[in-house]
Amino acid sequence: MELTGVELNEFLLKKAGKTWDDVVEEGATILDIDNASILKFIEDSSEKGRLPETKGLSTFKILEKLKLTEGDKLKRASIILFGNDPMRFYPNIQVKIGRFGNDASDLKFHEVVEGNIVQMLHEVQVQLNYKFLTRPISFEGFQRVEKDQYPVQALREMLLNALVHRTYMGSTIQMRVFDDRLSIWNEGGLPFGLSIDDLKADHNSRPRNPLIANACFLGGYIDTWGRGTLKIINTCKEAGLPEPEIKEMNGGIEVTIFNNILPLDFEIFRNDFGMISERIRKELGSETAKVFEVILNHPDYTASEIAIEIGKTSRTVESYQAKLRKANFIKRSGPKLGGYWIILFKD
């Protein structure tokens, strides 16, 4: 078999006793490291207590403790984990998220999340929660209760698996969100001797990027025992969801989890928003309803971005938002810049 591209590069590194993430990035300096990401990583690690003592250490010394340096140079893993602009060094350090209708040809909208692993681990989950996932609603007594559409732990493990085990010189990570399922794909096949069936049972951990995997273990993000896929399967089972699907495709691995919302139920749930929009139209006017519909699909849009969508001025949009807020149809979470709108249900 003739090896080319990424496969040839990995083969040559293996022959030299190296992995991709263990190679020194000659063009990188300590100025390319985001200190806020280092601090967030240390904060996240406190619960597990795996990280060596870092108090009083410089940023470089912390990276050195994580084995992400060689002499006075930074390794590629340090840029992937903590870089302030990883895409300056490597293309496709992104997670693309798409919301689809009936099939993969019916793209409704999408977002692209860039950054280092610490940043993307947080931001992807924010985007999923507030733009892509529709949460089932149930009633307990007279109180309306929101439930997660998918187990948070399963989503987190899927994302971590993709970030840790992907081929970083390959294509970007891709997430597809449908009415009844969510999938995540990363480039990079299984190690030799490991099969899809092995992933569904106890198996040894064989990370493609061992330095990245080790840092994520010390940070408390993952285990080192190959339990990620088992966690995904078990948490879905505990939530009463169908068994996830894991398959090799297009030179990579795709994991798909399913929800148990019947298509009819989902239509009823989606129509709930339609009824709110119609109510706004009657009570507050059609232009205010347009603003509501944009917020529904893009809760993080600023007044300026909404203004472009509906062809109005930012000040006019802000007046419509004030009406919606006063009537308790929406509320604000977070600051004016960087926050988002939450839809309120009025019985």
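The values are calculated or read from the model by the stated rules, or taken from the named source; none is laboratory data. The structure displayed is predicted, hence computed values, not measured ones. For neighbour counting, all protein chains shown are included, and Cβ atoms are generated from backbone atoms with ideal geometry for every residue, glycine included.
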Quiz item: Pairs, please: C-beta under 7 Å, at least 6 apart or cross-chain, first residue hydroxyl-bearing (S, T, Y) and in region 141-154, second modelled with pLDDT of 55 or more and assigned to a strand (DSSP E or B)?
Solution: Y150/L182; Y150/I257
Quiz item: Can you find even one residue in region 174-182 that is surrounded by fewer than 20 Cβ atoms within 10 Å (Cβ to Cβ) and either outside any loop (DSSP other than H, G, I, E, B) or assigned by TED's automatic domain parsing to the domain that holds D22 (or both)?
Solution: yes
Self-check item: In region 84-127, residue farthest from S37 (Cα to Cα) [restricted to those that are crowded, with 16+ Cβ neighbours inside 10 Å and among the β-branched types (V, I, T)]
Solution: I97
Quiz prompt | Residues being more than 13 Å from A28 (Cβ to Cβ) and assigned to a loop (DSSP other than H, G, I, E, B) - total across region 53-70 | solution = 8
Quiz prompt | In region 181-212, residue modelled with the lowest pLDDT [restricted to those that are touching a helix residue (DSSP H, G or I) at 6+ places or on another chain (Cβ under 7 Å) and within 20 Å of E245 (Cα to Cα)] | solution = K200
Quiz prompt | Pairs with Cβ under 9 Å, 6+ apart, first in region 107-133 and of a type in the set (G, A, S), second crowded, with 17+ Cβ neighbours inside 10 Å and in a helix (DSSP H, G or I) | solution = G115/S37; G115/P86
Practice problem: Pairs only if they're at least six apart or on different chains, beta carbon under 6 angstrom, first in region 227-245 and farther than 11 Å from L199 by Cα, second of a type in the set (G, A, S) and buried (at least 17 other Cβ atoms within 10 Å of the Cβ); list them, first residue then second. | Solution: T235/A154; C236/A154
Self-check item: Conditions (1) assigned to a loop (DSSP other than H, G, I, E, B); (2) in contact (Cβ under 8 Å) with a residue 40 or more places away in the chain: number failed by G98
Solution: (1)
Exercise. Would you confirm whether any residue within region 296-317 is over 27 Å from H110 (Cβ atoms) and in a helix (DSSP H, G or I)?
Key: yes
